[in-house]
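> Here it is, the structure, as structure tokens.
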Amino acid sequence: MAHEKHLDSPAQPIKSNKDGKRIALVLGSGGARGLAHIGVIQELEARGYRIDVIAGCSMGALVGGFYAAGKLDAYTEWAMTLQKLDILKLLDLGGTSGLIAGQKIMTKLEEWIGDIRIEDLPIEYTAVAVDIEREREVWFSKGSLYHAIRASIAIPGVFTPHLYKGRILVDGSVLNPIPVAPTLRRMTDQIFVVDANGPPVSVMPQPEDTDDKPAQGWLSSMARKVGLGSDPDPQTRAKLSAVSVMERSLDTMMAALTRQHLAVFQPDMVFRVPRDLFMIHEFHRATEIIEMGRQLARDLLDNPELERQQKL
């Protein structure tokens, strides 16, 4: 069941852990960069955090759905085997309302999800999509998990919209790349957000050197690996393919919306994935992206002062 954006049920208080490790986790959009959500989840679990509530849109809805359904490990193993050719085989070009009809991908998704219903999940879960006719968010917190994810990942212009119960639904990031609000319906100790549209590497704070703990500088190393740090002339930068223009435009839109929502909701911690490290289509780099997510989580959890620096 989908319902429009409103808090239609009272908060459900739960007994707080003394260690404050019951968390609500918000997983944002970002295409392939959203694979970093997996690494963050792995690190949180390794440190004993308990995810009681999860909300996501686009790739965040997919990863969050697999996690809530107990299928994230199997999905991760599969994702890490994908090469460029495997991904191309999953793309059926020529959709009427998007570049990709998406039937092959959705068939694979349905194989994973089956007929799982959201209300039967052991974790409170919400996927966010957008009704483009009514111009408002739609929250899936009951009903088919498959339809919730299918609607939330329908990137406008890329995948065909999802027609569900008379509504035309597209990617939730059109209005809300980091859906914090659905998690407020239940009390938890902290709210953590994974923002897969974070600032460029050049402005990301990193741990400082100390005598016993030198900074790894891994973000800078990764940036050099993918070719960042150079400054091509304006004419070179202007020679972008149509796909690059579309991807960068989407990144810009989602980053601006993300900043607005973070300013409003002020979560306890935000794990920011630099948007210039990986493009939204680079699913063949799953291993790198997942490890980046885990390292980002380590850095921020070990150096909480970085969160204050990020807000400056």
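> Identify, by number, the condition in (1) free of Cβ contacts under 8 Å to residues at least 24 places away in the same chain; (2) closer than 22 Å to PHE192 by Cα that SER249 doesn't meet.
(2)
> Now for a separate question. Output the residues belonging to segment 125-150 that are part of a strand (DSSP E or B), crowded, with 18+ Cβ neighbours inside 10 Å and not β-branched (Val, Ile, Thr).
The answer is TYR125, ALA127, ALA129, ASP131, GLU137, TRP139, PHE140, SER144.
> Moving on to the next point. Could you count how many residues in segment 152-173 are at pLDDT below 95, under 17 Å from ILE54 (Cα atoms) and not in a loop (DSSP other than H, G, I, E, B)?
Summing the residues that are at pLDDT below 95, under 17 Å from ILE54 (Cα atoms) and not in a loop (DSSP other than H, G, I, E, B) in segment 152-173 gives 2.
> Same structure, new question: Tally the residues that are in contact with a Ser or Thr (Cβ under 7 Å, 6 or more places away or on another chain) and of a type in the set (A, V, I, L, M), restricting the search to segment 156-184.
Qualifying residue count for the region: 1.
> Can VAL264 be described as aliphatic (A, V, I, L, M), over 19 Å from ILE87 (Cβ atoms) and surrounded by 18 or more Cβ atoms within 10 Å (Cβ to Cβ)?
Against the criterion (aliphatic (A, V, I, L, M), over 19 Å from ILE87 (Cβ atoms) and surrounded by 18 or more Cβ atoms within 10 Å (Cβ to Cβ)), VAL264 does not qualify.
> Does any residue in segment 105-124 that is open to solvent by 40 Å² or more (accessible area, probe 1.4 Å) come within less than 6 Å, Cβ to Cβ, of a residue that is aromatic (Phe, Trp, Tyr) six or more places away or on a different chain, and which pairs are these?
Between residues of segment 105-124 that are open to solvent by 40 Å² or more (accessible area, probe 1.4 Å) and residues that are aromatic (Phe, Trp, Tyr), the close pairs are GLU110/TYR146.
> If you don't mind, another one. Check whether at least one residue in segment 279-302 is of a type in the set (Val, Ile, Thr), modelled with pLDDT of 80 or more, more than 20 Å from LEU62 (Cβ to Cβ) and out of contact with any His (no Cβ under 6 Å at 6 or more places or on another chain), and report yes or no.
Among the residues of segment 279-302, not one is of a type in the set (Val, Ile, Thr), modelled with pLDDT of 80 or more, more than 20 Å from LEU62 (Cβ to Cβ) and out of contact with any His (no Cβ under 6 Å at 6 or more places or on another chain), which makes the answer no.
The values are calculated or read from the model by the stated rules, or taken from the named source; none is laboratory data. Not measured: the values here are computed from a predicted model. Every residue, glycine as well, gets a Cβ built from its backbone with ideal geometry; the counts of neighbours run over all protein chains shown. We work out accessible area using only protein heavy atoms, side chains counted, and drop any ligands, DNA or RNA first. Shrake-Rupley method; radii C 1.70, N 1.55, O 1.52, S 1.80 Å.
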